[in-house]
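No lab work stands behind these numbers, since they all come straight from the coordinates. Predicted, not measured: the structure shown is a model, and the values here were computed from it. Note that we place each Cβ from the backbone using ideal geometry, even for glycine, and neighbour counts take in every protein chain shown.
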Amino acid sequence: MHEIIPVRAGGLRGRKALQARFHLPAAVLLIGKGNWVEAPSHVVFGLAGAVVADSVFHITGAQLIGMPLSDLHQVIDVLLLKTIYFGFAALGALAPDIDNARSTVGKRAGVISKGIQHVAGHRTIFHSLFGLILVGMLIWATQDAIGLALYHWGFTTAGEAISGGLGPGGVLTAGREVAFIAFLLGYLLHIIADGLTYGGVPLFWPSHVRFGFPPERRWRFRTGSRMEIVVVTTIAVIVVVLVILGKLRV
């Protein structure tokens, strides 16, 4: 999924002119042909997946809805954990588009995103399993710093769950690594979602072979089309209804 660069010049000729003027990678020639999914859809897809995963595997532990308010500190502790879990899932759902300077995350990354796009192009390394591992290593290191900070501020439930784990005296041990798991989940769902569009994804980069889901291209959809809206809205409604009915947990 990806935010589309607006092109006012008509058709393929206009996209070629844009590519030449701004020294963009060849992938820009696919823009406007329904190959990318947009950022809001990615976030919805990532958060919906995070809710389902948490409900099935109890990644964050205690359920927030229905907690007694008598222990306000514990409620805030669990709320922090849930916020970080879903926040990292949303971040992971946007992260692969760091290779596009005009995307939501690319605009915030600034020169870093522009440099990546110039060197690697869009929808290459960061839309592959190799990119998932590469970025995941960075998040794995970052989460421990967040977990240690929360632990020492007195939010032990969130701190112990987010970091690699905290033993006596705040020493890192093997733990649940909630932020890391949430990020990887969101990132993987981004790749899957982009695979639902006509362009597919280079899943096994540096191989340039693109994979789509389903493999038959005509069963995939065009960005911004009714089918994308239907798919994303349906997923969101199903998850919300199941949470209300108590079949899924938050």
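Here are the numbers:
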| quantity | calculated |
| --- | --- |
| Unmet requirement for Arg123, which otherwise passes all of (1) in contact (Cβ under 8 Å) with a residue 40 or more places away in the chain; (2) out of contact with any strand residue (DSSP E or B) (no Cβ under 7 Å at 6 or more places or on another chain); (3) under 18 Å from Gly186 (Cα atoms) | (2) |
| Top-ranked residue of the range 129-146 - restricted to ones that are touching a residue at least 24 places away in the same chain (Cβ under 8 Å) and under 14 Å from the mean Cα position of the chain (by Cα), ranked as surrounded by the fewest Cβ atoms within 10 Å (Cβ to Cβ) | Leu129 |
| Residue tally, condition assigned to a helix (DSSP H, G or I) and in contact with a Lys or Arg (Cβ under 8 Å, 6 or more places away or on another chain), over the range 214-250 | 2 |
